[in-house]
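Heads up: the structure comes next, in C-alpha coordinates.
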Amino acid sequence: MKIFADSACDLPLSFYEENEVELFPLNVLLNGKEYEDIIEINSTEVFDAIRRGQQPKTSQVSPIKMLQTWNDLAASGEEGIYIAFSSQLSGTYQTAVMTSEQVKEEHPSLNLIIIDSKCASLGYGILVKEAVRLRNEGCNVQEIEQKIRFMATHMEHLFTVEDLDYLAKGGRVSKASAFIGGLLNIKPLLHVEDGKLVPIEKHRGRKKILRRMIEVMEERGSNLEQQTIAISHGDDLTSAKEFQEMIEEVIQPKAIELYQVGSVIGSHAGPGTLALFFLNKTE
(Lines give C-alpha, C1' and ligand atoms only; values in the text may rest on other atoms or scores of the structure.)
Protein backbone atom coordinates (compact mmCIF):
# COMPACT_ATOMS: atom_id res chain seq x y z
CA MET A 1 0.00 0.00 0.00
CA LYS A 2 1.28 3.46 -0.89
CA ILE A 3 0.59 6.56 1.15
CA PHE A 4 0.74 10.01 -0.48
CA ALA A 5 0.80 13.42 1.20
CA ASP A 6 1.67 16.96 0.19
CA SER A 7 4.08 19.39 1.78
CA ALA A 8 1.38 21.44 3.52
CA CYS A 9 1.32 18.82 6.30
CA ASP A 10 4.52 20.48 7.59
CA LEU A 11 6.41 17.24 8.25
CA PRO A 12 10.14 17.26 7.43
CA LEU A 13 11.61 15.62 4.33
CA SER A 14 13.21 12.96 6.52
CA PHE A 15 9.73 11.78 7.55
CA TYR A 16 8.80 10.96 3.96
CA GLU A 17 12.09 9.20 3.33
CA GLU A 18 12.05 7.15 6.54
CA ASN A 19 8.38 6.14 6.35
CA GLU A 20 7.94 5.43 2.63
CA VAL A 21 5.43 8.21 2.10
CA GLU A 22 5.41 9.78 -1.35
CA LEU A 23 5.65 13.57 -1.29
CA PHE A 24 3.70 15.94 -3.49
CA PRO A 25 5.50 19.28 -3.08
CA LEU A 26 3.49 22.47 -3.39
CA ASN A 27 5.31 25.38 -4.97
CA VAL A 28 6.71 28.62 -3.57
CA LEU A 29 7.31 31.63 -5.81
CA LEU A 30 10.02 33.95 -4.49
CA ASN A 31 11.97 36.64 -6.33
CA GLY A 32 10.48 35.54 -9.64
CA LYS A 33 11.62 31.93 -9.25
CA GLU A 34 9.45 28.91 -8.47
CA TYR A 35 10.69 26.34 -5.97
CA GLU A 36 9.38 22.90 -5.01
CA ASP A 37 8.55 23.09 -1.31
CA ILE A 38 10.86 21.10 1.01
CA ILE A 39 12.94 19.85 -1.91
CA GLU A 40 14.27 23.15 -3.28
CA ILE A 41 13.43 25.61 -0.50
CA ASN A 42 12.87 25.42 3.24
CA SER A 43 10.72 27.51 5.51
CA THR A 44 13.66 29.24 7.23
CA GLU A 45 14.59 30.73 3.85
CA VAL A 46 10.97 31.80 3.38
CA PHE A 47 10.76 33.43 6.82
CA ASP A 48 14.05 35.25 6.24
CA ALA A 49 12.70 36.60 2.94
CA ILE A 50 9.51 37.81 4.64
CA ARG A 51 11.58 39.58 7.30
CA ARG A 52 13.40 41.38 4.48
CA GLY A 53 10.03 42.65 3.20
CA GLN A 54 9.50 40.14 0.40
CA GLN A 55 6.15 38.42 -0.11
CA PRO A 56 6.32 34.79 -1.26
CA LYS A 57 3.41 33.33 -3.22
CA THR A 58 2.35 29.70 -3.32
CA SER A 59 0.70 27.37 -5.81
CA GLN A 60 -0.72 23.88 -5.80
CA VAL A 61 0.92 20.60 -6.71
CA SER A 62 1.78 20.10 -10.38
CA PRO A 63 -1.04 18.27 -12.24
CA ILE A 64 1.59 16.65 -14.47
CA LYS A 65 3.33 15.12 -11.45
CA MET A 66 0.01 13.81 -10.16
CA LEU A 67 -0.92 12.26 -13.51
CA GLN A 68 2.42 10.51 -13.69
CA THR A 69 2.12 9.28 -10.10
CA TRP A 70 -1.38 7.86 -10.60
CA ASN A 71 -0.30 6.18 -13.85
CA ASP A 72 2.62 4.57 -12.01
CA LEU A 73 0.29 3.44 -9.22
CA ALA A 74 -2.13 1.90 -11.71
CA ALA A 75 0.72 0.09 -13.48
CA SER A 76 2.02 -1.30 -10.17
CA GLY A 77 -1.37 -2.72 -9.17
CA GLU A 78 -0.85 -1.46 -5.61
CA GLU A 79 -3.45 0.22 -3.44
CA GLY A 80 -2.97 3.90 -2.66
CA ILE A 81 -4.32 6.47 -0.24
CA TYR A 82 -3.72 10.20 -0.66
CA ILE A 83 -4.47 12.48 2.28
CA ALA A 84 -4.74 15.98 0.82
CA PHE A 85 -4.37 19.54 2.11
CA SER A 86 -7.73 21.23 2.79
CA SER A 87 -9.70 21.88 -0.39
CA GLN A 88 -10.69 25.26 1.08
CA LEU A 89 -7.07 26.43 1.15
CA SER A 90 -5.65 24.89 -2.03
CA GLY A 91 -6.75 23.43 -5.35
CA THR A 92 -4.55 20.37 -4.82
CA TYR A 93 -7.40 18.08 -3.71
CA GLN A 94 -9.49 18.97 -6.77
CA THR A 95 -6.47 18.39 -9.01
CA ALA A 96 -5.92 14.97 -7.44
CA VAL A 97 -9.53 13.97 -8.10
CA MET A 98 -9.46 15.30 -11.67
CA THR A 99 -6.18 13.61 -12.59
CA SER A 100 -7.18 10.30 -11.00
CA GLU A 101 -10.38 10.28 -13.05
CA GLN A 102 -8.30 10.86 -16.20
CA VAL A 103 -6.09 7.90 -15.34
CA LYS A 104 -9.10 5.68 -14.58
CA GLU A 105 -10.34 6.20 -18.13
CA GLU A 106 -7.34 4.20 -19.35
CA HIS A 107 -6.73 2.17 -16.19
CA PRO A 108 -10.11 1.37 -14.59
CA SER A 109 -8.35 -0.82 -12.04
CA LEU A 110 -6.64 2.18 -10.37
CA ASN A 111 -7.13 1.56 -6.65
CA LEU A 112 -6.80 4.98 -5.06
CA ILE A 113 -8.60 6.66 -2.17
CA ILE A 114 -8.34 10.46 -1.98
CA ILE A 115 -9.27 12.18 1.29
CA ASP A 116 -9.91 15.89 1.63
CA SER A 117 -8.45 16.36 5.10
CA LYS A 118 -9.97 19.84 5.59
CA CYS A 119 -6.81 20.27 7.69
CA ALA A 120 -3.57 22.22 7.45
CA SER A 121 -0.05 22.18 8.89
CA LEU A 122 0.34 19.64 11.71
CA GLY A 123 -3.42 19.12 11.95
CA TYR A 124 -2.90 17.49 8.57
CA GLY A 125 0.49 16.07 9.56
CA ILE A 126 -1.00 14.15 12.51
CA LEU A 127 -3.32 12.39 10.04
CA VAL A 128 -0.42 11.38 7.81
CA LYS A 129 1.56 10.04 10.77
CA GLU A 130 -1.46 8.03 11.92
CA ALA A 131 -1.93 6.55 8.43
CA VAL A 132 1.70 5.39 8.50
CA ARG A 133 1.25 3.86 11.95
CA LEU A 134 -1.88 1.98 10.88
CA ARG A 135 -0.23 0.72 7.69
CA ASN A 136 2.73 -0.54 9.69
CA GLU A 137 0.36 -2.35 12.04
CA GLY A 138 -1.12 -4.19 9.05
CA CYS A 139 -4.42 -2.33 8.65
CA ASN A 140 -5.97 -2.43 5.18
CA VAL A 141 -6.70 0.66 3.13
CA GLN A 142 -10.40 0.76 4.11
CA GLU A 143 -9.55 0.63 7.81
CA ILE A 144 -7.03 3.44 7.38
CA GLU A 145 -9.52 5.52 5.40
CA GLN A 146 -12.16 5.13 8.11
CA LYS A 147 -9.80 6.20 10.92
CA ILE A 148 -8.32 9.13 8.99
CA ARG A 149 -11.72 10.50 7.97
CA PHE A 150 -12.83 10.32 11.60
CA MET A 151 -9.73 12.12 12.86
CA ALA A 152 -9.96 14.75 10.11
CA THR A 153 -13.52 15.55 11.18
CA HIS A 154 -12.44 16.00 14.79
CA MET A 155 -9.11 17.77 14.36
CA GLU A 156 -8.82 21.15 16.07
CA HIS A 157 -6.47 23.89 14.87
CA LEU A 158 -5.80 26.92 17.07
CA PHE A 159 -3.25 29.48 16.02
CA THR A 160 -2.04 33.01 16.38
CA VAL A 161 0.37 35.16 14.40
CA GLU A 162 3.06 37.61 15.50
CA ASP A 163 2.10 40.28 12.98
CA LEU A 164 -1.37 40.77 11.50
CA ASP A 165 0.22 42.38 8.42
CA TYR A 166 1.21 38.92 7.15
CA LEU A 167 -2.40 37.74 7.18
CA ALA A 168 -3.53 41.04 5.65
CA LYS A 169 -1.15 40.60 2.71
CA GLY A 170 -2.60 37.14 2.19
CA GLY A 171 -6.15 38.51 2.31
CA ARG A 172 -7.00 36.79 5.61
CA VAL A 173 -7.76 40.01 7.56
CA SER A 174 -8.35 43.60 6.46
CA LYS A 175 -5.41 46.00 6.25
CA ALA A 176 -7.23 48.37 8.63
CA SER A 177 -7.58 45.61 11.23
CA ALA A 178 -3.93 44.73 10.83
CA PHE A 179 -2.87 48.37 11.33
CA ILE A 180 -4.98 48.83 14.46
CA GLY A 181 -3.92 45.43 15.79
CA GLY A 182 -0.27 46.36 15.38
CA LEU A 183 -0.72 49.62 17.26
CA LEU A 184 -2.51 47.97 20.17
CA ASN A 185 -0.42 44.75 20.26
CA ILE A 186 -3.60 42.80 19.53
CA LYS A 187 -3.12 39.14 18.64
CA PRO A 188 -5.79 37.18 16.78
CA LEU A 189 -6.92 33.70 17.74
CA LEU A 190 -7.95 31.73 14.67
CA HIS A 191 -9.13 28.20 14.03
CA VAL A 192 -10.06 26.06 11.05
CA GLU A 193 -13.75 25.58 10.36
CA ASP A 194 -14.77 23.22 7.56
CA GLY A 195 -11.29 23.60 6.11
CA LYS A 196 -11.23 27.43 6.17
CA LEU A 197 -9.32 29.86 8.39
CA VAL A 198 -11.71 31.68 10.70
CA PRO A 199 -10.77 34.34 13.31
CA ILE A 200 -12.64 33.73 16.56
CA GLU A 201 -11.15 36.09 19.18
CA LYS A 202 -8.63 38.87 19.73
CA HIS A 203 -6.48 39.45 22.80
CA ARG A 204 -3.86 42.00 23.73
CA GLY A 205 -0.40 40.54 24.24
CA ARG A 206 1.33 37.28 23.42
CA LYS A 207 1.08 35.60 26.84
CA LYS A 208 -2.65 36.29 27.09
CA ILE A 209 -3.39 34.75 23.68
CA LEU A 210 -1.33 31.65 24.49
CA ARG A 211 -3.12 31.17 27.82
CA ARG A 212 -6.42 31.52 25.98
CA MET A 213 -5.36 28.87 23.44
CA ILE A 214 -4.75 26.45 26.31
CA GLU A 215 -8.16 27.27 27.80
CA VAL A 216 -9.86 26.61 24.46
CA MET A 217 -7.99 23.30 24.16
CA GLU A 218 -9.27 22.33 27.61
CA GLU A 219 -12.81 23.30 26.55
CA ARG A 220 -12.73 21.48 23.22
CA GLY A 221 -10.29 18.63 23.70
CA SER A 222 -11.21 15.06 24.58
CA ASN A 223 -8.99 12.64 26.53
CA LEU A 224 -6.07 15.05 26.14
CA GLU A 225 -3.92 13.00 28.51
CA GLN A 226 -4.11 10.13 26.00
CA GLN A 227 -3.31 12.26 22.96
CA THR A 228 -0.13 13.28 21.21
CA ILE A 229 -0.74 16.95 20.52
CA ALA A 230 1.36 19.10 18.22
CA ILE A 231 2.74 22.63 18.18
CA SER A 232 4.05 24.30 15.04
CA HIS A 233 6.02 27.53 15.07
CA GLY A 234 7.10 30.15 12.56
CA ASP A 235 10.87 29.96 13.05
CA ASP A 236 10.55 30.62 16.79
CA LEU A 237 11.54 27.46 18.65
CA THR A 238 12.11 29.36 21.90
CA SER A 239 8.47 30.54 22.04
CA ALA A 240 7.25 27.08 21.01
CA LYS A 241 9.13 25.49 23.91
CA GLU A 242 7.78 28.11 26.33
CA PHE A 243 4.28 27.36 25.03
CA GLN A 244 4.92 23.64 25.56
CA GLU A 245 5.89 24.32 29.19
CA MET A 246 2.73 26.41 29.68
CA ILE A 247 0.63 23.52 28.38
CA GLU A 248 2.40 20.95 30.56
CA GLU A 249 1.68 23.04 33.67
CA VAL A 250 -2.04 22.68 32.97
CA ILE A 251 -2.43 19.34 31.21
CA GLN A 252 -0.19 16.32 30.75
CA PRO A 253 -0.85 14.96 27.27
CA LYS A 254 0.69 11.66 26.19
CA ALA A 255 3.28 13.64 24.23
CA ILE A 256 3.83 17.04 22.62
CA GLU A 257 5.57 17.25 19.26
CA LEU A 258 7.19 20.44 17.96
CA TYR A 259 7.76 21.23 14.29
CA GLN A 260 8.54 24.36 12.31
CA VAL A 261 5.76 25.67 10.08
CA GLY A 262 6.46 24.76 6.45
CA SER A 263 7.10 27.10 3.54
CA VAL A 264 3.54 27.12 2.16
CA ILE A 265 1.70 27.83 5.41
CA GLY A 266 4.54 30.10 6.53
CA SER A 267 4.31 32.21 3.38
CA HIS A 268 0.86 33.34 4.52
CA ALA A 269 1.14 33.24 8.32
CA GLY A 270 4.63 34.71 8.62
CA PRO A 271 7.40 34.42 11.22
CA GLY A 272 6.37 34.08 14.85
CA THR A 273 3.26 32.01 14.16
CA LEU A 274 2.29 29.56 16.89
CA ALA A 275 -0.28 26.84 16.30
CA LEU A 276 -1.77 24.06 18.41
CA PHE A 277 -3.38 20.83 17.15
CA PHE A 278 -5.45 18.24 19.01
CA LEU A 279 -8.60 16.12 18.70
CA ASN A 280 -11.99 17.07 20.11
CA LYS A 281 -13.07 13.41 19.98
CA THR A 282 -10.86 10.33 20.05
CA GLU A 283 -13.30 7.47 19.50
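Worth a mention:
- For the chain: rounded, prolate or oblate by the Cα gyration tensor [a/c cutoff 1.5]: oblate
- For the chain, calculated [θ]222 nm from helices alone, where every DSSP H run of n ≥ 4 adds -39500 (n - 2.57): -13500 deg cm²/dmol
- Accessible surface for the chain, divided over its residues, is 45 Å² per residue with a 1.4 Å probe.
- Carbon/sulfur fraction of accessible area - the stretch 1-71, other protein chains in place, 1.4 Å, %: 46
- Separation of the stretch 86-142 and the stretch 190-243, taken as the distance between their Cα centroids, equals 26 angstrom.
- Of all DSSP-defined beta bridges confined to the stretch 1-140, some 30% are antiparallel rather than parallel.
- Think of each Lys and Arg Cβ as +1 and each Asp and Glu Cβ as -1; about the Cα centre, that makes the dipole of the stretch 1-135 roughly 440 debye.
- About its Cα centre, the chain has a charge dipole of approximately 1220 debye under the convention of +1 per Lys or Arg Cβ and -1 per Asp or Glu Cβ, with nothing else charged.
- Cα gyration tensor, the stretch 91-162 - rounded (a/c under 1.5), prolate or oblate: oblate
- Only lysines eight or more places from LYS57 in sequence, or on another chain, were considered; those with a Cα closer than 28 Å are LYS33, LYS65, LYS118, LYS129, LYS169, LYS175, LYS187, LYS196, LYS202.
- Note on GLU249 and GLU106: with the Förster distance fixed at 45 Å, the Cβ-Cβ geometry gives a FRET efficiency of about 0.20.
- Mean Cβ neighbour count within 10 Å, used as a protection proxy, ranking 42-50, 61-69 highest first: 42-50, 61-69
The values are calculated or read from the model by the stated rules, or taken from the named source; none is laboratory data. Here the structure is a predicted model, which means the values were calculated and not measured. FYI the Cβ positions are ideal-geometry reconstructions off the backbone, even for glycines, and counts take in every protein chain you see. The protein model used for the area step is the full one, side chains on, heavy atoms only, and it has no ligands, DNA or RNA in it. Shrake-Rupley method; radii C 1.70, N 1.55, O 1.52, S 1.80 Å.
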